[in-house]
Amino acid sequence: MALLDVHNLTVDFNLGVESLRAVDDVSFTLEPGEALGIVGESGSGKTVTALSIMRLLDPAARITRGQIWFDGRDLATQDESAMESIRGRRIGMVFQEPMTSLNPGYTVGEQVAEVYRHHLRLSHAEARRRTIEMFERVKLPGAREMFNKYPHEFSGGMRQRVTIAAALACGPSLLIADEPTTAVDVTIQAQILSLLGELQRDMNLALLFISHDLAVVSELCTRAAVLYGARLMEVGSTDAIFTAPRHPYTAGLINSVPQRGQPLQGVPGTIFDLRSPPPGCRFHPRCVHAQPRCNREIPELTRSPASTPVERGHVYACHYPLDRAGTRPT
Amino acid sequence: MRMIRYTLLRALQMIPTVLLVTVAVFVLIIIIPGDPVLSMLGYYADDVTAVPHEIYDRMFRELRLDRPIPIQYLYWLGDALQGDFGKSVVFRVPVIDVVLSRVPATLYLGTASLLIAIVVAVPFGVWAAVKNDTWVDHLASGFVLFGVAVPGFWFGMIVILVFAIYLGWLPSIGYVAPQEDFLRFLKHLIMPATVLGLDVAANILRFQRTDFLDQLHQDYVRTARAKGLPGQVVIWKHVLKNSLIATVTVVGLNTARLLGGSTIIETLFSYPGLSRLLIEAIYARDFPVIQAVVLWMVVLVVVVNFFVDLIYAYLNPRIRYTTA
């Protein structure tokens, strides 16, 4: 059974006079110990999806449809106190901005130790010992001396290690990482990614990795889900998605990754305003292969005929999918 | 260790400030028009011929007015450091005795109103911010509007009218020392302290609410919640410590004001505090008393700022490191 089963998740924001759908009918599953990347542009609904799972959505947002099955419970319907016992304990989360996601008023040690004291009811001394252990695990140099330091004494990379330590302190079975390396230097980014990969293997952690960076996702994740304009475009193994994308948007994204010696290609146009989504396929106004039908019918997620093991579980929402060579069949 | 260094450094920094203040207070007397000898002898017109020469000269030398001004200042400072501010022109007793007799009353009133202000404003401010845009928040805004807009003397008169005159529960004016009769002391204190306290509470609440609301949207709050900490822990541990930086600033500004005494409230309630002494001294041109009271008030501001700085350093660790 899947550890996490997000089913037809729909999230609406009520902006007073108008409203918008930030996540529209999104479904995916995550097996224990598996790493799934969620890829998309800004505003595609990646972060809102993650915050829905944690139930940390903005007060203006509401889950209007769908279920989030985790450990046999539907997180979409849990009350706040039930969620408090899941957050930090069963599901950890790391955020994008390491510079601001720690409290400047408390030592980094305290910000990890409090998780132990709260969830595991450990004493101060025991929580401190476990925190230092965890600091060693996330490779903070001089873990013992780090305990009493304040966040402002740390670099972005070190702070991100602290937030990872706090998220993993109680040995959760799922870690949600929301663009954890976007705000740090490239060299640090590589370190953090390899740390996450290592921890994921060692702790048998399921990882939901949110990123706009395809290269990073292909390195860290076995499966990927591509979001565009609040809807899922394509889900499959990273191998299948990156070598033979079936959705034109995914293909466009892959072409946008800079490659030495090749002119940079992008996806033409810009993402639509979520307050007034286009009819039919969300991507059709920017799609070079769009046909009249794309303007009328919303494509359902279709299963790829599983001819090879790589393609098993590969689904895409396109009326006219690309063939394996990456071109439109005629 | 860093905290100790920081504390010492800040304490040392107070010395030049206080010295500068003493210069200002001393110069105050020099630049005031009028002949001090004449006014001390009770002559208001500057008519030197009305005073016998010998008496005038003796006074002039006794007051060391024949010396250069910097020397006069050093004499004055030396005496002041020993608690000697000269004799009050009006009361004919040492200034220090007059001032010290008024200090407790003002300290009691200041402390009581400050406590009322903090106890009302901080939880109410937090509550209003957490329940943003609900009836609690609107109530808080109404309270702030009332506290800031309604003048203290008017509110004070209404309170006297209701509780002293119509209901007869509390004495309208005066002061009783706590060691004399503690219950009567409280009865005399409660009205002026509440009027003053609610005024200050409105000020604190305004800042507390705004800053807390701002803090609630910070990233670290989301991190704390993602760790599974209950909402109350997030609010009272994580957010409060950061939002108190703004609160402490406002509380500090008001503390110095309150411990210096509130002229309007002390006058309205015929409360024998420092502010009323200052007013009386100004009317009577009792310059030594004015000097001492002004010096007290300014030193208070400096000392309160010192403690505010220490609290800042506790609340915001970055301060400890950048200054020390």
Anything in segment A:95-125 that is without any contact (Cβ under 8 Å) to a residue 60 or more places away in the chain, buried (at least 19 other Cβ atoms within 10 Å of the Cβ) and of a type in the set (D, E, K, R)? List them, or say none.
A:Glu110, A:Glu114
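So that you can scan it fast, the table gives a plain yes or no per residue for (1) surrounded by fewer than 20 Cβ atoms within 10 Å (Cβ to Cβ); (2) within 21 Å of B:Leu229 (Cβ to Cβ); (3) not assigned by TED's automatic domain parsing to the domain that holds A:Phe28:
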| residue | (1), (2), (3) |
| --- | --- |
| A:Ala60 | yes, no, no |
| A:Arg65 | yes, no, no |
| A:Trp69 | yes, no, no |
| A:Gly72 | yes, no, no |
| A:Gln78 | yes, yes, no |
| A:Ser81 | yes, yes, no |
| A:Glu84 | no, yes, no |
| A:Arg89 | yes, yes, no |
| A:Gly92 | no, yes, no |
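Picking from B:Thr263, B:Thr255, B:Thr247, which residue would you name as being surrounded by fewer than 20 Cβ atoms within 10 Å (Cβ to Cβ) and among the hydroxyl-bearing types (Ser, Thr, Tyr)? Spell out how you get there, then give the answer.
Numbers: B:Thr255 fails: surrounded by fewer than 20 Cβ atoms within 10 Å (Cβ to Cβ); B:Thr247 fails: surrounded by fewer than 20 Cβ atoms within 10 Å (Cβ to Cβ).
Exactly one of B:Thr263, B:Thr255, B:Thr247 is surrounded by fewer than 20 Cβ atoms within 10 Å (Cβ to Cβ) and among the hydroxyl-bearing types (Ser, Thr, Tyr), namely B:Thr263.
Within segment B:164-188, track down each residue that is in contact with a Pro (Cβ under 9 Å, 6 or more places away or on another chain) and among the hydrophobic types (A, V, I, L, M, F, W, C).
If the condition is that a residue be in contact with a Pro (Cβ under 9 Å, 6 or more places away or on another chain) and among the hydrophobic types (A, V, I, L, M, F, W, C), then B:Ala164, B:Ala177, B:Phe185, B:Leu186 are the ones that fit.
Looking at B:Thr255, is it among the hydroxyl-bearing types (Ser, Thr, Tyr) and away from chain A (no Cβ under 14 Å)? Show your work before the answer.
Details: among the hydroxyl-bearing types (Ser, Thr, Tyr): yes; away from chain A (no Cβ under 14 Å): yes.
Yes.
Here is a check on your reading of the model: is A:Ala82 among the small types (Gly, Ala, Ser) and out of contact with any helix residue (DSSP H, G or I) (no Cβ under 6 Å at 6 or more places or on another chain)? Don't jump to the end; show me each part of the working.
Working: among the small types (Gly, Ala, Ser): yes; out of contact with any helix residue (DSSP H, G or I) (no Cβ under 6 Å at 6 or more places or on another chain): yes.
Yes; evaluated as a whole, the condition is true for this residue.
Taking segment A:133-156 as the region of interest, how many residues are buried (at least 20 other Cβ atoms within 10 Å of the Cβ) and more than 14 Å from every other protein chain (Cβ to nearest Cβ)? I'd like the intermediate steps shown before the answer.
Keep residues of segment A:133-156 that are buried (at least 20 other Cβ atoms within 10 Å of the Cβ), which gives A:134-135, A:138, A:140, A:146, A:150-151.
Now restrict to residues that are more than 14 Å from every other protein chain (Cβ to nearest Cβ): A:135, A:138, A:140, A:146.
Residues meeting the conditions: 4.
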Restricting the first residue to segment A:72-94 and requiring it to be at the interface with another protein chain (Cβ under 8 Å from one of its Cβ atoms), which pairs with a second residue that is at pLDDT 95 or above and part of a strand (DSSP E or B) meet a Cβ separation below 7 Å and a spacing of at least six or different chains?
A:Gly92/A:Leu175; A:Met93/A:Ile176
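State which residue is nearest to the chain's Cα centre (by Cα) when the search covers only segment B:273-324 and only residues that are among the charged types (D, E, K, R) and within 14 Å of chain A (Cβ to nearest Cβ). Don't jump to the end; show me each part of the working.
Taking segment B:273-324 as the starting set, the residues that turn out to be among the charged types (D, E, K, R) are B:276, B:280, B:285-286, B:309, B:318, B:320.
Filter again for within 14 Å of chain A (Cβ to nearest Cβ), leaving B:318, B:320.
Values: B:Arg318: 28, B:Arg320: 26 Å.
That would be B:Arg320.
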Can you spot a residue in segment B:208-217 that is surrounded by fewer than 22 Cβ atoms within 10 Å (Cβ to Cβ), basic (Lys, Arg), away from every other protein chain (no Cβ under 14 Å) and under 25 Å from the mean Cα position of the chain (by Cα)?
no
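The values are calculated or read from the model by the stated rules, or taken from the named source; none is laboratory data. As the structure is a prediction and not an experimental result, all values here were calculated from the model. Every residue, glycine among them, receives a Cβ derived from its backbone with ideal geometry; neighbour counts consider all protein chains shown.
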